Amino acid sequence: MSYDLTIRGKAPEIDDREVAETKKALEAIEAQMKADGSNKEEAYWEAYNAHRNALNPESRKYSNRAFSEMVEVISTTGMGRYTFAPEFDLEEPDESAEGNLDAYADYMEAKTKWLKKSSDEDDVTGIPLHKFSTNEGWIVTQDECIQALSAWDEVDLTQLSVEQDKLIRTERWSDFLDFMGWASSNRGFEVW
């Protein structure tokens, strides 16, 4: 499954140097693909996303098509923990029915609180991984991002499997950590 993670706060202004560097990297990948006919789809999308983020820091995103590998590393390193989603038992009111506008606003407020909720357990630190189980707008909070990055700082890299070690040495992982840094400085991120 693939996910788009979107920052919830306002990011800094456009950095012209970063825009130029990411554009140059994207053009280099495109030129290489055209010149030798190679299929560097993953490298292309990484470069494309980096350039898009540089051009639009206020709507910074992280996209990943193979997110299950990332979730495994997040779990193994203590950045998050597998959890079950808390129950949400409110029925969505018909917002178009007369007089239901207030009921719909109350429903949306309750749903937003639910999407932020870690789990029914109190001892979850880092990212509750049920938030990566569906792309319905789960909210990974700023505190969860901070806890996850703190856990990453304590990781003994020699304890990772060969596959995990290979993943954390990719640009995909460093981009994810960069994204998490942005999210921890803002209001977290949404999972779509």
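The table below gives the values:
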item: Qualifying positions in region 137-182 - in a helix (DSSP H, G or I), among the hydroxyl-bearing types (Ser, Thr, Tyr) and either farther than 24 Å from ALA50 by Cβ or touching a Phe, Trp or Tyr at 6+ places or on another chain (Cβ under 6 Å) (or both); result: SER150, THR158
item: Qualifying positions in region 158-180 - surrounded by 15 or more Cβ atoms within 10 Å (Cβ to Cβ), of a type in the set (S, T, N, Q) and without any contact (Cβ under 8 Å) to a residue 40 or more places away in the chain; result: none
item: Those residues of region 22-50 which are surrounded by 13 or more Cβ atoms within 10 Å (Cβ to Cβ) and without any contact (Cβ under 8 Å) to a residue 12 or more places away in the chain, in sequence order; result: GLN32, MET33, LYS40
item: Residues located in region 112-136, provided they are in a loop (DSSP other than H, G, I, E, B) and touching a Pro at 6+ places or on another chain (Cβ under 8 Å); result: LYS117, SER118, SER119, ASP120
item: Residue within region 96-104 that is part of a loop (DSSP other than H, G, I, E, B), over 16 Å from the mean Cα position of the chain (by Cα) and either of a type in the set (Asp, Glu) or at pLDDT 85 or above (or both) present; result: yes
item: Test: residue in region 73-82 that is of a type outside the set (Phe, Trp, Tyr), under 30 Å from HIS51 (Cα atoms) and part of a loop (DSSP other than H, G, I, E, B); result: yes
item: Qualifying residue in region 133-141 (condition: modelled with pLDDT of 90 or more, among the β-branched types (Val, Ile, Thr), surrounded by 14 or more Cβ atoms within 10 Å (Cβ to Cβ) and more than 16 Å from LEU5 (Cα to Cα)); result: no
item: Residue in region 107-132 that is modelled with the highest pLDDT, counting only those that are among the small types (Gly, Ala, Ser) and under 21 Å from SER184 (Cα atoms); result: GLY126
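The values are calculated or read from the model by the stated rules, or taken from the named source; none is laboratory data. Only a predicted model underlies this, so the values are computations on that prediction, with no experimental measurement involved. Virtual Cβ from ideal backbone geometry, glycine too; neighbours counted across all protein chains shown.
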